[in-house]
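The values are calculated or read from the model by the stated rules, or taken from the named source; none is laboratory data. Computed from a prediction, not measured in an experiment: that's the story for all the values here. No Cβ is skipped: glycine too gets one built from the backbone with ideal geometry, and neighbour counts run over all protein chains shown.
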Amino acid sequence: SWIMQGYGTMVMEADQQLKEQGVERPTHVFVQAGVGSLAGAVVGYFAHKYKENPPVMVVCEAAAADCLYRSAEKKTGDLVNVTGDLQTIMAGLACGEGNTIGWDILRNHVTVFASCPDWMSAKATRIYANPLEGDPHIVSGESGSVPLGLCYTALHDKDAEDLKKTLKLDENSNILVISTEGDTDPVRYREIVWDGLYGTEESFSE
């Protein structure tokens with residue numbers, strides 16, 4: 001709970017910065033999850049602040065450690081743990097066991113739990129590193145990039161049109177995407193951005 005309170009400071013600062021940019025509230029929030037403490041703090045903050053009209057909340061996990069996704073899929077309210085090697089480039093999300101406090105928040109307020117493949121994160125790392133003209137250049141590591149990867153996929157991948165409709169994403173959306181790390185593994189970061197590790201040919205259907 002103390003860790004979640006610490007993450008809450010980050011969310012409050014992000015919310016303040018949105019208002020400084022003229023965005024009253026985000027319509028959508030994409031956040032990554034390992035054990036779910038960060039996600040619980042982010043979702044809890046916005047669910048509490050905008051009780052009458054909360055943003056659409058999306059939680060993104062590494063497919064190899066998608067304990068929250070599997071817990072939501074089970075629909076009993078109980079946490080499901082993921083065991084094994086948990087092999088993923090999203091090392092910060094390779095947990096497999098959910099935070100019970102965070103889960104209590106997430107299961108009541110999240111619209112979509114997503115189990116995300118490594119290519120989705122790698123693609124977003126490249127997008128952050130090579131922005132459109134006028135957008136800031138951001139160094140985002142693999143665990144930090146996956147929310148943008150899922151958001152981009154929902155918006156642009158024809159195979160993800162059902163997801164786009166479910167999330168009600170359109171040209172009027174104000175999307176808050178959380179990134180939580182820089183190039184914590186500089187060698188892997190260069191492999192992704194320079195060498196094209198986990199290339200961009202994959203699609204949502206895969």
Can F113 be described as of a type in the set (A, V, I, L, M, F, W, C) and either within 23 Å of T184 (Cα to Cα) or in contact with a Pro (Cβ under 9 Å, 6 or more places away or on another chain) (or both)? no
So for the range 2-25 (the condition being at pLDDT below 95, surrounded by 15 or more Cβ atoms within 10 Å (Cβ to Cβ) and not in a helix (DSSP H, G or I)), does at least one residue qualify? yes
If we scan the range 12-23, do we find a residue that is touching a helix residue (DSSP H, G or I) at 6+ places or on another chain (Cβ under 6 Å) and of a type in the set (D, E, K, R)? no
Criterion (assigned to a helix (DSSP H, G or I) and among the polar types (S, T, N, Q)) met by exactly one of N81, N53, N108: N108
Can you find even one residue in the range 102-110 that is modelled with pLDDT under 95, closer than 28 Å to N53 by Cα and surrounded by fewer than 22 Cβ atoms within 10 Å (Cβ to Cβ)? no
